[in-house]
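For reference, the structure discussed in these notes is given below.
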Amino acid sequence: MTITVENYLTPPNGAASNPESLTAADSVLPDGEAVAAEHAPAALCGARGELAVVSVQLDNANEALQRAQQPPRRLQRCLVDADLAARDLAAAQATERDIVAAWLSGGRQGPRPEPSKALLGAEERVAETARDAAAARQALPDHEAVVSAAARHVNELTRERDRLHREVVLEAIADHLQHRLVPAIRAMRTTEKAAWDVADAFSRLGDDATAQRIAEMIGATKGSTVPPAADVSAGRAFLAAVLHDPSRELGA
């Protein structure tokens, strides 16, 4: 059976495919984009809707990558177990040689020492783990190729998610400036104009001194307002909020 990334994607019912008991029919899973669209907020459109879809796809891909990494880890464990068994056998054989050497050097008194249970068990363990290790080595390349493909898929979706994230943030800032800052600027200028109109009236009457005092009052008032201090944490919080909720508006 051919193992692919699709074996580890989550179908709509949430049950991941079992890579150890898949049939050909089991390996055919719904398209990732269709699944993502099904779980994405329906009201969003444009870059916001795309970001919602890609975010779901990325979550699914990350989960698939984690699942795809499990079989190679188990197979690698088989190789480690085989190495440990070989070391145990070497130690048991060394002990056995010492016993036989003592019997030989003692003039072969009594019956020849029988192989110990530890040695027999170590030999049996080596034979068993060697078979497992051989099977693991044969299967590892296919599983590692799937992990590599799954990792590439995650990286591609991450780049697309980040691109859409920037686009949505810029869109949110444009909306904020257009619908909040522009009306505020217009209101400020309208308010200021009312004072300038009075100053102009005094100037037309020849009272430039009073007109000048009004101009100074306007300047002093504008200078008395101090811009708020920069808050990088607030900016970061908004970036994170948009990443999790593409419908988020700046200043909301």
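The values are calculated or read from the model by the stated rules, or taken from the named source; none is laboratory data. What you see is a predicted model; the values in this text were computed from it and never measured. Neighbour counts run over all protein chains shown; Cβ positions are idealised from the backbone, glycine included.
Inspection of region 16-33 finds a residue satisfying the criterion of being surrounded by 12 or more Cβ atoms within 10 Å (Cβ to Cβ), within 18 Å of the chain's Cα centre (by Cα) and modelled with pLDDT under 95. Within region 212-230, being surrounded by 10 or more Cβ atoms within 10 Å (Cβ to Cβ), closer than 16 Å to Met188 by Cα and not hydroxyl-bearing (Ser, Thr, Tyr) holds for Ala215, Met217, Ile218, Gly219, Lys222. State yes or no: is Ala133 under 22 Å from Gln57 (Cα atoms), hydrophobic (A, V, I, L, M, F, W, C) and assigned to a helix (DSSP H, G or I)? Against the criterion (under 22 Å from Gln57 (Cα atoms), hydrophobic (A, V, I, L, M, F, W, C) and assigned to a helix (DSSP H, G or I)), Ala133 does not qualify. Of all the criteria given as (1) under 30 Å from Asp83 (Cα atoms); (2) free of Cβ contacts under 8 Å to residues at least 60 places away in the same chain, the one not satisfied by Val146 is (2). For Glu114, state whether it is free of Cβ contacts under 8 Å to residues at least 40 places away in the same chain, exposed (fewer than 11 other Cβ atoms within 10 Å of the Cβ), of a type in the set (Asp, Glu) and out of contact with any His (no Cβ under 9 Å at 6 or more places or on another chain). Judged against the criteria, Glu114 is a match. Considering the conditions (1) more than 30 Å from Ala241 (Cβ to Cβ); (2) at pLDDT 95 or above; (3) surrounded by fewer than 11 Cβ atoms within 10 Å (Cβ to Cβ), Trp196 is excluded by exactly one of them, (3).
Taking region 151-252 as the region of interest, the helices (runs of 4 or more DSSP H) fully inside it that hold 3 or more residues being of a type in the set (Val, Ile, Thr) are 182-204, 208-224.
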